[in-house]
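Step one of this worksheet: look at the structure below.
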Amino acid sequence: MTKLTKKNLFKVYDAKPETPMDKTTRVVRQMVDEETEQRDAKNSRLRNARLEREANRPPVPKDSAASKSRRTKATSTR
C-alpha cells in the first residue's frame, strides 16, 4: 500500500475557466465597489465641510419673544 499524502489523498481539480457571466459579474461588482468608495469619500468630505462651517459660524442670539410659544385655551361653548 502506498503512503498517503496530500497529493495522492485528495484529488486536484483544475479551476474552471471563467464564463462570460462570471466575467460580467466580476466587472460589475468592481464598478459598484468603486462607485461606493467614491460616494463614501464625497459624503465624508461634505460632512467635514459642513461641520467646519457650523463650528465657525457665530452663535445666533435667541429672541425671548420669538422662542415662547403662545397657546390659547380652548373655551367650551355651552
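We did not get these values from a lab; they are worked out from the coordinates using the rules stated. None of these values were measured; they are calculated from a predicted model.
A few comments on the model shown:
- In straight-distance terms, cross-link reach from residue 6 covers every one of the aspartates and glutamates whose alpha-carbon lies under 18 Å from its own, apart from those fewer than eight places away in the same chain; here that gives 14.
- Global geometry of region 1-50, whether rounded, prolate or oblate, following the gyration tensor of its Cα atoms and the 1.5 cut on a/c: oblate
- Between residue 28 and residue 63, the contour length at 0.36 nm per residue exceeds the alpha carbon distance by 7.1 nm.
- The length gained by stretching the chain between residue 9 and residue 46 to full extension, at 0.36 nm per residue less their Cα-Cα distance, is 7.6 nm.
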